[in-house]
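Right, one structure below, let's go through it.
The values are calculated or read from the model by the stated rules, or taken from the named source; none is laboratory data. As the structure is a prediction and not an experimental result, all values here were calculated from the model. Neighbour counts are summed over all protein chains in view; Cβ atoms, including those assigned to glycine, are modelled from backbone coordinates with ideal geometry.
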């Protein structure tokens, strides 16, 4: 997936697309990629994936999952 946010994500159907487009990584202030399969916002630069729960992105480093490239 490039950086586009899908219109109808399967894992997080209640997520507002405009809200996702305006969010940035709280660590690097860089772009986030929406992973619809996992229902997460991924920051490649920080190496973190932030969960989305009940349509709400949890933008806390302590709640993020570490990812590998």
| Does residue 66 qualify as being exposed (fewer than 14 other Cβ atoms within 10 Å of the Cβ) and modelled with pLDDT under 80? | no
| Are any residues in segment 12-59 surrounded by 13 or more Cβ atoms within 10 Å (Cβ to Cβ) and touching a residue at least 40 places away in the same chain (Cβ under 8 Å), and if so, which ones? | 12, 15, 52, 57
| Given (1) outside any loop (DSSP other than H, G, I, E, B); (2) in contact with a strand residue (DSSP E or B) (Cβ under 8 Å, 6 or more places away or on another chain); (3) at pLDDT 90 or above, number of the condition residue 30 does not satisfy | (1)
